[in-house]
Amino acid sequence: MRSEAIKNWFKRYPYMVALLYMAFYLTAFHYLETTVVPKYIVHCRLDEMIPFCEAFIIPYIFWFPYIAGAFIWFKHRGWEDYSRLCRLIFSGLTICLIIYYIFPTGLNLRLASNPHETGFLYNLVVMLRAIDTPTNVCPSIHVMNTVMVFQAICSLENLKHRKLTIAVHFVIMVLICASTVMLDQHSVIDVVCGVMMSVVIHGLVYKVEWREELARRKAEVRRIS
């Protein structure tokens, strides 16, 4: 009876779900950032082959309003779609907090700021690095949440302009994921782990029948071709 009353209260004030969880998450993440010392440096040879490009600060920063906008958009679609997105993203963030605590990771990819480098975008990168320390990097939350939003959109029923909407969000997803390595904010390993986590958690939350889903995707590819 009490659980039903709580559920109904959250339905009346859906944004409180996100606000209450984010209060918990930001507190826990700040604790990890300030107290946990990295024990494992994440690095692979492919990281050294990816050039630095300050222009990717734009999609990297765009991630923040993009994720917030996703919650607003899903909320207007109804409680069912909104609550599933909340379960999807909040489950992933909670698991990341646990991983960061048990396996504290760090990054050694970021080079020291070059005093001869100038420009608005480069200055934004310097400001970002002053705020975002190279710790708690694997899996990448930027990547995981972006892929989760894309998967949630692909799972929606009665989606208007479906092909165009999915195509636009696919491009956004690729740019944000690429920005994490183009700015040396993450290793390729962090990106792969973020994608893997999003796929697994999405399958559990949305109860995806993988065999049926693969068969459906193959049928769609054949129909398009």
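The values are calculated or read from the model by the stated rules, or taken from the named source; none is laboratory data. What you see is a predicted model, and the numbers here were worked out from it, not measured in a lab. As a convention, Cβ positions derive from the backbone with ideal geometry for all residues, glycine included, and neighbour counts pool all protein chains shown.
Scanning segment 159-184 for residues that are out of contact with any helix residue (DSSP H, G or I) (no Cβ under 7 Å at 6 or more places or on another chain) and within 30 Å of TYR122 (Cα to Cα) yields ALA167, VAL168, VAL171, VAL174, ASP184. Only residues that are modelled with pLDDT of 90 or more, surrounded by 13 or more Cβ atoms within 10 Å (Cβ to Cβ), outside any loop (DSSP other than H, G, I, E, B) and of a type outside the set (Val, Ile, Thr) were counted in segment 32-45, giving 1. Of the candidates VAL143, VAL125, the single residue that is touching a residue at least 24 places away in the same chain (Cβ under 8 Å) and touching a Leu at 6+ places or on another chain (Cβ under 7 Å) is VAL125.
Only residues that are more than 23 Å from PRO139 (Cβ to Cβ) and among the polar types (S, T, N, Q) were counted across segment 30-86, and they come to 1.
Out of the residues in segment 84-100 that are within 21 Å of THR165 (Cβ to Cβ) and not basic (Lys, Arg), which is nearest to the chain's Cα centre (by Cα)? So the residue we want is ILE89. Pairing residues of segment 47-63 that are part of a loop (DSSP other than H, G, I, E, B) and among the aliphatic types (A, V, I, L, M) with residues that are modelled with pLDDT under 95 and exposed (fewer than 15 other Cβ atoms within 10 Å of the Cβ), at Cβ distances under 9 Å and at least 6 apart in sequence or on separate chains, gives no pairs at all. You will find that of PHE71, PHE24, PHE10, the residue that is modelled with pLDDT under 90, in a helix (DSSP H, G or I) and surrounded by 13 or more Cβ atoms within 10 Å (Cβ to Cβ) is PHE10 and no other. Close Cβ contacts (under 9 Å, 6 or more residues apart or on different chains) running from residues in segment 195-208 that are closer than 11 Å to PRO139 by Cβ to residues that are part of a loop (DSSP other than H, G, I, E, B) and not polar (S, T, N, Q) comprise VAL195/PRO139; MET196/PRO139; MET197/PRO139; SER198/PRO139.
Looking only at segment 125-151, count every residue that is more than 12 Å from the chain's Cα centre (by Cα) and at pLDDT 95 or above and tell me the total. Number satisfying all stated conditions: 0. Regarding VAL137, is this residue in contact with a helix residue (DSSP H, G or I) (Cβ under 9 Å, 6 or more places away or on another chain), buried (at least 18 other Cβ atoms within 10 Å of the Cβ) and farther than 27 Å from ILE201 by Cβ? Judged against the criteria, VAL137 is not a match. Looking across segment 95-113 at every residue that is of a type outside the set (A, V, I, L, M, F, W, C) and either crowded, with 18+ Cβ neighbours inside 10 Å or in contact (Cβ under 8 Å) with a residue 40 or more places away in the chain (or both), the one that is farthest from PRO139 (Cα to Cα) is identified as ARG110.
Quick check on this structure: which one of THR146, THR133 is assigned to a loop (DSSP other than H, G, I, E, B) and polar (S, T, N, Q)?
THR133
Looking at the structure I just gave you, is ILE98 farther than 16 Å from MET148 by Cβ, in a helix (DSSP H, G or I) and at pLDDT 90 or above? Yes; evaluated as a whole, the condition is true for this residue.
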